[in-house]
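Remarks on the structure that follows.
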Amino acid sequence: MSTHTLTVFHYSAVDGKFVKRQTERELHSNEVLICTTHSGLCYTDVHAKNTGCGLGHEGVGIIEAVGEDVTDKKVGDRVGWG
């Protein structure tokens, strides 16, 4: 398995700004790696803004890698979640 860099931005209530976080990890056999291209914000995010969590839980992106057990998606597929 190859290692991927995962990047997220979260709102820091202490600093009053968005902070970038990165980690490295392997893609598990039943996972897909998605490059998020669009992320929607809704009123639910207002409640979480000062908790340090990532905002935008509804998104669209392109699959960049698939685990060996994934059979119904492929690299390059556009996917969405919410």
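The values are calculated or read from the model by the stated rules, or taken from the named source; none is laboratory data. Quantities reported herein were computed from a predicted structural model and do not represent experimental measurements. Positions of Cβ are generated from backbone atoms using ideal geometry, with glycine treated the same way; all protein chains shown enter the neighbour counts.
Filtered by the rule that a residue be of a type in the set (D, E, K, R) and exposed (fewer than 13 other Cβ atoms within 10 Å of the Cβ), the stretch 4-48 gives ASP15, LYS17, LYS20, ARG21, GLU24, ARG25, GLU26.
Identify the residue in the stretch 1-59 that is in a loop (DSSP other than H, G, I, E, B), of a type in the set (A, V, I, L, M, F, W, C) and at pLDDT 80 or above and, among all such residues, is farthest from VAL70 (Cα to Cα).
Taking the stretch 1-59 and keeping what is in a loop (DSSP other than H, G, I, E, B), we get 1-2, 13-16, 27-31, 41-42, 52-53, 55-57.
Next, from what is left, pick out any that are of a type in the set (A, V, I, L, M, F, W, C): 1, 13-14, 27, 41-42, 53, 55.
Narrowing the set further to residues that are at pLDDT 80 or above leaves 14, 27.
Numbers: VAL14: 40, LEU27: 11 Å.
Filtering the stretch 1-59 for residues that are in a loop (DSSP other than H, G, I, E, B), of a type in the set (A, V, I, L, M, F, W, C) and at pLDDT 80 or above, the one farthest from VAL70 (Cα to Cα) comes out as VAL14.
Count of the stretch 60-76 residues, restricted to those that are surrounded by 14 or more Cβ atoms within 10 Å (Cβ to Cβ) and outside any strand (DSSP E or B), is 2.
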